[in-house]
Amino acid sequence: MLAVAPADLAKLPSTPGVYLFIDARGHLLYVGRASNLRSRVRSYWNTGLDRPRLRGMVRRIRRVLAGPCISEHEAALLERTLLERLDPPFNRTTGFETVVGVRLSSTPPGIAAVVDLAPRIDRVFGPYLGWAPTYAAASALMRLFPVHFCRPPGELDSIERDLARIRGVGEHDLDDLSQRAANVLDRDRSAVIDAVDRVRREREHASELCLYERASELQRQIDGILWITQRQDVMRLGDSGDRWIADESRIDAVVEAIG
């Protein structure tokens, strides 16, 4: 953790991360996250700050702690964990963003965003913060890699059989499609770029046809893929497979820095 006085905010890095405001007695006031720590923290001292509650908090700040992160997603997960553990008085937290996984299943085949974890059943990727972007990403992957069509014809209804035929997908394609989806979820760079490019082409085609709602949905799916494929090392799936586990050393480092 980097500690600076309010007069030395220029020393903060222009990277994603979390920041904490500390008062003269060493008490924690506020925890936030930023895509750019320097510009975000500086914004609290802007003359245009017109929220009385925040102005009162800013007058009490004597030290700023900053924890750089490897991505905005990691900063978001770390912020959520710190808010849960530390409960700062100036954070108006009425609930926490949902921690979500993406399940890649084989029986029956499917790709889905999930909140509840089933240990040792199928393969779960994550965690990811936020239901909406994770659901959008899973929806995109389900369309790009339609593993749900990789079932014996007798298990498909008539519409599914027609769609499988149009897509040229059969039960023999399950392993290949599952692996290609897993490559995206494992953050393989070329797989992520290819998936985003495919959805982007669909979005552009929808725009050309003036299907603006569809284009907006496809943009949300692009944003979702880019969100869940950001690297993060602050939280992982536990060995038991039934819960997410935070990196306690990261949390301990923050608590120690607060003093």
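The values are calculated or read from the model by the stated rules, or taken from the named source; none is laboratory data. This is a predicted model, so every value here is computed, not measured. So basically every Cβ, Gly included, is an ideal-geometry build from the backbone, and we count neighbours across all protein chains shown. These area figures cover heavy atoms from the full protein model, side chains too; ligands, DNA and RNA do not enter into them. Shrake-Rupley method; radii C 1.70, N 1.55, O 1.52, S 1.80 Å.
Ordered from highest to lowest accessible area with the whole protein assembly present and a 1.4 Å probe, Arg167, Arg80 read as Arg167, Arg80.
Candidates Ala257, Ser190, Gln219 compared by Cα position along the dipole of the stretch 170-259: farthest toward the positive end lies Gln219, with charges placed on Cβ.
Around Gln179, under 13 Å between beta carbons, what's the net of Lys plus Arg minus Asp minus Glu among the other residues?
My count for the surroundings of Gln179 gives -3.
Ordered by solvent-accessible area of protein heavy atoms (1.4 Å probe), largest first, the residues Met1, Met235 come out as Met1, Met235. For q = 0.19 Å⁻¹, what log10 I(q)/I(0) does the stretch 12-60 give under the Debye formula with an equal point scatterer on each alpha carbon and no solvent? Per q value, in the given order, log10 I(q)/I(0) is -0.65.
In this structure the chain gives 53 Å² per residue of accessible area when probed at 1.4 Å with all protein chains present.
Summarise the long-distance tail of P(r) for the stretch 161-217 by giving the % of C-alpha pairs beyond 14 Å.
Of the Cα pairs, 68 percent sit more than 14 Å apart.
Mean sequence separation of contacting Cα pairs (under 8 Å, at least six apart), scaled by the length of the stretch 196-259, corresponds to a relative contact order of 21 percent. Could you work out the relative contact order of the stretch 110-253, using alpha carbon pairs under 8 angstrom and six or more residues apart, expressed as a whole percent? It comes to 31 percent, rounded to a whole number.
Averaging 1/r over every pair of different alpha carbons in the stretch 1-159 and inverting the result gives a Kirkwood radius of 18.4 Å.
Heavy atoms only, 1.4 Å probe, whole protein assembly: order Asp242, Asp173 by accessible area, highest first.
Asp242, Asp173
Length gained on full extension, Ser240 to Ile193: 13.7 nm, using 0.36 nm per residue less the C-alpha separation.
Computed from the C-beta positions of Ala7 and Glu248 and an R0 of 41 Å, the FRET efficiency is 0.80 to the nearest 0.05.
Can you tell me the length gained on complete extension of the stretch Arg201 to Ile166, counting 0.36 nm per residue apart and subtracting the Cα distance?
Length gained between Arg201 and Ile166: 10.7 nm.
Relative to the current alpha-carbon distance between Ala24 and Thr93, full extension at 0.36 nm per residue lengthens the span by 22.5 nm.
Go ahead and collect, in residue order, the members of the stretch 18-39 whose backbone nitrogen is under 13 Å from a label point 7 Å along the Cα-Cβ direction of Trp45. Output list for this probe position: 38-39. Measuring nothing but protein heavy atoms, the accessible surface of the stretch 118-207 at 1.4 Å probe radius is 51 percent carbon and sulfur.
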